[in-house]
Amino acid sequence: MDKQNFPGWHGTTIIGVKKEGEVVIAGDGQVSLGQTVIKGTARKVRRLSPGGYDIVAGFAGSTADAFTLLERLETKLEATPGQLARASVELAKDWRTDKYLQKLEAMLIVSDGADIFVITGAGDVLEPEHDVTAIGSGGNYALAAGRALMDTDLSAEEVARKAMAIAGDICVYTNGNLTVETISK
């Protein structure tokens, strides 16, 4: 079955919120194939500890592709301990230029507690302008809700949870089974 006729995997919303010295990355658990929910409890947010440094990463897109990218990120972090920005740029460069990696269909949000980045297959390493970023099928909804909630007294986790709830109410590929990881420097 070619890609054009394949019904397509959907069902990820990941949000990253940086507020008051902490970063929260949250992701829903839904994986859909076409119009069918295949799984509702997937873990798309993970804690990594390459070289003893804590990193939190969330992924949207193909799971196998995302795990390939997470493994590559860990390798980059082991080569540049404590330098998330540098490791992210090195991963994005490889992703953009390596013929195998170019076929990977995923995006990452990563944080070491100080910085938060979105890494894309287009060679981008993006730092959110307003300390909120989101990816995936419900990403735009979560981003809009998160940005609106940033000026409130809510904590980073509360902003992430409320934004994900709003995204889940709007996006049929997003559910309320959240994995939430907090990291601070």
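Before moving on, here are some points about what is shown:
- Meets criteria (buried (at least 19 other Cβ atoms within 10 Å of the Cβ) and touching a residue at least 40 places away in the same chain (Cβ under 8 Å)) for residue 32: yes
- Contact map, region 125-148: first residue on the phi > 0 side of the Ramachandran plot, second residue part of a strand (DSSP E or B) and crowded, with 21+ Cβ neighbours inside 10 Å, Cβ cut-off under 6 Å, separation 6 or more or different chains; pairs are 131/18; 136/13; 136/14; 136/60.
- Condition check for residue 145: of a type outside the set (Val, Ile, Thr), within 30 Å of residue 93 (Cα to Cα), at pLDDT 95 or above and crowded, with 22+ Cβ neighbours inside 10 Å: no
- Within region 82-102, residues that are surrounded by 17 or more Cβ atoms within 10 Å (Cβ to Cβ) sit with their Cβ atoms under 6 Å from residues that are of a type in the set (Lys, Arg), at 6+ positions apart or across chains, in these pairs: 87/76; 90/76; 91/72; 91/76.
- Of the residues examined, residue 112 is one that is crowded, with 17+ Cβ neighbours inside 10 Å, of a type in the set (Asp, Glu) and on the phi < 0 side of the Ramachandran plot.
- For region 94-185, the strands (runs of 3 or more DSSP E) that sit wholly inside it and include 1 or more residues that are closer than 23 Å to residue 81 by Cα and out of contact with any Ser or Thr (no Cβ under 9 Å at 6 or more places or on another chain) are 106-111, 179-184.
- Subset of region 155-172 that is farther than 26 Å from residue 34 by Cβ and in contact (Cβ under 8 Å) with a residue 24 or more places away in the chain - its residue that is surrounded by the most Cβ atoms within 10 Å (Cβ to Cβ): 160
The values are calculated or read from the model by the stated rules, or taken from the named source; none is laboratory data. This one's a predicted model, so the numbers in the text were calculated from it and none came from an experiment. Every residue, glycine among them, receives a Cβ derived from its backbone with ideal geometry; neighbour counts consider all protein chains shown.
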